[in-house]
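Everything on this sheet refers to the single structure shown next.
The values are calculated or read from the model by the stated rules, or taken from the named source; none is laboratory data. If you're wondering where the values come from, they're calculated on a predicted model, not measured in any experiment. Backbone-built Cβ (ideal geometry, glycine too); neighbour counts: all protein chains shown.
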């Protein structure tokens with residue numbers, strides 16, 4: 001199953017504290033990047049690592065390893081359904 005952007009964004013917002021002042025276009029950009037990674041069959045650990053980079057570099061937050069792990073698991077579960 002191909003993930004749609006709204007599903008990816010919803011999963012990200014469920015686990016991350018997304019700043020309220022974050023440009024909606026930026027969130028869509030992140031969701032698109034993640035959608036592509038899942039579509040390219042990234043392994044769980046690789047996806048988790050990429051999520052941690054987005055969280056620290058783009059959202060400028062402390063890495064939340066547990067949240068990144070849960071996001072990766074949820075995304076792969078939905079994609080493989």
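Kindly indicate which of 55, 50 is surrounded by 12 or more Cβ atoms within 10 Å (Cβ to Cβ), modelled with pLDDT under 95 and not in a loop (DSSP other than H, G, I, E, B).
55
Tell me whether segment 11-27 contains one or more residues that are without any contact (Cβ under 8 Å) to a residue 40 or more places away in the chain and buried (at least 18 other Cβ atoms within 10 Å of the Cβ).
Yes: segment 11-27 contains one or more residues that are without any contact (Cβ under 8 Å) to a residue 40 or more places away in the chain and buried (at least 18 other Cβ atoms within 10 Å of the Cβ).
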